[in-house]
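One structure is given here, and the rest of the page talks about it.
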Amino acid sequence: MATPDRATEPRDARPALPRLNEVMAALSTAVDIGMGMPIDSGLMVCRAAVRFGEYLGLEADLLQRTYDLALIAHCGCTAENHGLARLVGDEIEMRAHAGWVDWNDPKAMIRFMGGQMSRAFPAYELPVRLLRAMANQRVFKDGSRAICEVAQMLADRMGFDDTFRRDIASGTEFWNGKGFPGACGGRDIPTPARIVLLVQTAMAASHDAGVATALDVVRTRAGTQFDPELAGAFLPRAEELLSEPAGDDLWTQVLRLEPVPSPPLGDERLDACLRAMADFVDLKSPYLVGHSSGVADLAAAAAERAGLPANDALAVRRAGWVHDLGRVGISAAVWGRERPLSFDEWEKVRLHAYHTDRVLARAAYLRDLGGIASMHHERLDGSGYYRSAPAAQQSPAVRILAAADVFHAMTEPRPHRPALAPDQAVRELRAEVRAGRLDGDAAEAVIGAAGQPSRRRREGVAGLTAREIDVLRLLARGLSIKQMARRLVVAPKTVDAHLQHIYGKLGVSTRAAATVFAMQHGLVGPDPVTA
């Protein structure tokens with residue numbers, strides 16, 4: 001199954017393990033997508049919050065806490081999305097403009113919710129839905145509480161201490177004590193939480209309505225939502241702090257801005273972070289709970305069963321944890337659809353693999369994982385997404401992850417169907433192999449790893465099966481696809497699927513190169529049928 005792909009480079013050519021701030025910055029990007037914000041909004045907030053902290057003369061430990069909080073303050077944003085989507089329609093669209101709404105002002109809340117629902121529902125439904133939303137404000141409060149609790153749990157799993165857990169739990173508390181969850185106010189709110197709330201609210205207002213509006217929001221809410229002293233110090237510097245970065249790209253600036261530079265993560269903490277990211281994704285919908293970790297475990301076991309090197313099997317597991325990061329960018333309403341998806345909904349779904357690649361693309365080690373993770377919906381016949389990559393571009397790791405994702409998803413319930421029994425999922429997986437979409441070796445490794453009876457496949461050099469060697473011999477002798485199909489008594493489409501598998505495993509794309517490989521390895525033997 002070896003192919004020339006960035007995910008199949010020699011292990012010693014791969015970059016070192018990432019630093020914690022690289023992982024957090026990637027998670028921040030996923031949060032931006034999940035909240036409908038412009039990409040790098042979290043990085044913008046981080047940059048502004050740390051620079052504001054520097055103006056205030058904060059010591060290094062407080063600056064570091066501010067830096068960390070700005071990156072992952074909203075890492076619990078996938079909590080309760082399913083219920084929120086049922087109430088308001090597209091919860092991502094709502095959150096895209098909710099960052100500076102004054103939730104303590106009933107008129108402002110009604111005006112905002114009315115505008116949101118007018119985009120999501122027919123006009124005749126609006127009065128009833130708006131009344132229902134206002135009568136169910138508990139949903140919003142419970143959702144805010146859940147976001148805080150989940151964020152604390154994820155921060156704990158990523159290795160942060162109790163002090164930072166308190167910072168993140170206080171991220172939406174107001175100076176007057178009327179924030180969320182309403183557990184504290186005034187100077188009882190940690191300084192990093194007060195700074196980040198001020199900066200991110202101003203940033204959201206500036207993005208939506210301009211700097212002048214952001215200044216007005218800070219000025220009018222000083223003493224209610226915001227610490228009045230911080231608001232007074234922020235206003236003279238607001239235009240500078242809210243401006244677009246100059247010079248190096250924002251990602252590089254934010255990584256360099258870390259007050260107390262962190263060393264590269266060890267394997268154990270990296271795995272803890274990636275597993276936390278998996279659960280962050282799977283909270284998006286009750287239909288996804290446990291999916292990412294389940295796929296990761298199954299794919300890793302299949303990789304070992306298929307004989308991949310230990311480091312490659314580890315990469316498959318880590319890619320499995322983050323393969324669905326892009327799902328957070330699609331509304332929970334779409335993931336919960338019982339009816340067939342519309343064209344527009346399906347186009348959004350197809351983009352989730354692209355979003356995964358985008359989230360992981362800027363940190364070297366994570367980019368390698370993204371090269372595997374973002375291809376989990378690619379198919380050998382080029383019918384997959386988002387790249388429509390041919391077989392030759394799909395590494396063994398990619399093929400195994402794709403098969404594991406398909407199998408695991410089939411054994412989970414979905415809104416439009418119940419979970420399939422394992423034996424039924426096996427039949428469906430093998431049907432995908434026969435259709436030329438999934439790799440047979442990868443599928444059998446997944447089936448065996450799932451505890452189901454797998455077929456022993458006689459393999460030759462480069463993982464070629466006996467039937468693939470038959471096809472390669474005929475190919476080397478110059479037969480056309482139709483001639484090979486008649487000789488082997490199969491459909492031309494089946495021969496074409498075998499050829500795609502062969503080219504992919506050999507890492508070639510032409511008949512001539514495949515013929516040279518066959519001669520080099522002594523595979524041009526007697527005619528496979530007439531001998």
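Okay, here's what the table says:
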{"read-out": "Whole-number percent relative contact order across the stretch 81-196, with pairs defined as alpha carbons under 8 Å at least 6 apart", "value": "17"}
{"read-out": "Mean Cβ neighbour count within 10 Å, used as a protection proxy, ranking 355-362, 474-481 highest first", "value": "355-362, 474-481"}
{"read-out": "Scattering profile of the chain at q = 0.06 Å⁻¹ [log10 I(q)/I(0), Debye over alpha-carbon scatterers]", "value": "-0.34"}
{"read-out": "Most positive-pole-ward Cα, P259, H323, L341, against dipole of the stretch 220-379 from beta carbon charges", "value": "L341"}
{"read-out": "Cα-based helix-to-principal-axis angle, 106-120 vs the chain, degrees rounded to 10", "value": "20"}
{"read-out": "Part-to-part distance (alpha-carbon centres) for the stretch 397-451 and the stretch 318-396, which is given in Å", "value": "17"}
{"read-out": "Spatially close lysines, pair count over the chain: Cα under 18 Å, gap of eight or more or interchain", "value": "6"}
{"read-out": "Long-range HN-HN contacts of T465 with modeled amide H, under 5 Å", "value": "G460"}
{"read-out": "Measure of compaction for the stretch 14-81 (Cα Rg per 2.2 N^0.38 Å)", "value": "1.20"}
{"read-out": "Accessible surface of L131 - all protein chains present, 1.4 Å probe, nearest 10 Å²", "value": "130"}
{"read-out": "Fraction of the pair-distance distribution of the stretch 41-170 above 21 Å, Cα-Cα pairs, percent", "value": "50"}
{"read-out": "Coarse-grained scattering of the stretch 139-205 at q = 0.29 Å⁻¹, given as base-10 log I(q)/I(0) from a Debye sum over alpha-carbon atoms", "value": "-1.27"}
{"read-out": "Helical mean residue ellipticity (222 nm; -39500 (n - 2.57) per DSSP H run of 4+; nearest 500) of the chain", "value": "-18000 deg cm²/dmol"}
{"read-out": "Exposure rank, largest accessible area first [V211, V471; 1.4 Å]", "value": "V211, V471"}
{"read-out": "Relative contact order of the chain, defined on C-alpha pairs under 8 angstrom at six or more residues apart (%)", "value": "17"}
{"read-out": "Built amide H within the under 5 Å cut-off of R19, gap 5+", "value": "L265"}
{"read-out": "Nearest 10 degrees, 0 to 90: helix 20-34 Cα axis against the chain principal axis", "value": "80"}
{"read-out": "Where Rh is the Kirkwood radius over Cα pairs, Rg/Rh for the stretch 304-459", "value": "0.96"}
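The values are calculated or read from the model by the stated rules, or taken from the named source; none is laboratory data. Note that the structure is a prediction, hence the values are computed from the model and not measured. Ideal geometry is used to build each Cβ from the backbone, glycine not excepted, and the neighbour counts take in all protein chains shown. Just so you know, the surface numbers come from the protein's heavy atoms only, side chains and all, with ligands and any DNA or RNA stripped out. Shrake-Rupley method; radii C 1.70, N 1.55, O 1.52, S 1.80 Å.
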